[in-house]
Amino acid sequence: MARLVLLFLPGLVAICAVHGIFMDRLGSKKLCADDECVYTISLARAQEDYNAPDCRFINVKKGQWIYVYSKLVKENEAGEFWAGSVYGNQSEDEMGTVGYFPSNLVQEQHVYQEATKEVPTTDIDFFCE
């Protein structure tokens, strides 16, 4: 499925086709270190393997390091998911790919900034290419 996206920059308008699909939202709010959710919250280590059930999630191997960027606010009976990307030599295929994983899968090793900003999620948070 292709969608047209308009980008407005001062003195420039760009139209580009985006291929992908908007998946169901896993939550309506997320906790971040800043209002734009661009700063790393923490560095965590995977305690077990995790196979992504769909394109919103990332595959994780036990022992891998994961940079955590946001934490979905748990709603109703939903699981608690965090968004991040794997880091390290054994994850070259996954490096740079941001996706969700269960929070109980990891143990935070170093907190860079506290996740104190509650921000609404958007459709793009659950977009898959």
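Of all residues in the range 46-60, how many are touching a residue at least 24 places away in the same chain (Cβ under 8 Å) and loosely packed, with under 15 Cβ neighbours inside 10 Å? Quick ask: steps written out before the conclusion?
Restricting attention to the range 46-60, the residues satisfying the condition of being touching a residue at least 24 places away in the same chain (Cβ under 8 Å) are 46-48, 50, 52, 54-60.
Narrowing further to those that are loosely packed, with under 15 Cβ neighbours inside 10 Å: 47-48, 54.
Residues flagged as touching a residue at least 24 places away in the same chain (Cβ under 8 Å) and loosely packed, with under 15 Cβ neighbours inside 10 Å within the range 46-60 amount to 3.
Only one entry of Gln107, Gln64 meets the criterion of being polar (S, T, N, Q) and either touching a residue at least 60 places away in the same chain (Cβ under 8 Å) or open to solvent by 50 Å² or more (accessible area, probe 1.4 Å) (or both), and that entry is Gln107. Of all residues in the range 14-56, those satisfying the criterion of being aromatic (Phe, Trp, Tyr) and either closer than 18 Å to Tyr112 by Cα or at pLDDT 95 or above (or both) are Tyr39, Tyr50. The lone criterion from (1) part of a loop (DSSP other than H, G, I, E, B); (2) at pLDDT 90 or above left unmet by Asp93 is number (2).
The values are calculated or read from the model by the stated rules, or taken from the named source; none is laboratory data. If you're wondering where the values come from, they're calculated on a predicted model, not measured in any experiment. No Cβ is skipped: glycine too gets one built from the backbone with ideal geometry, and neighbour counts run over all protein chains shown. Protein only, heavy atoms only, side chains kept; ligands, DNA and RNA dropped before computing areas. Shrake-Rupley method; radii C 1.70, N 1.55, O 1.52, S 1.80 Å.
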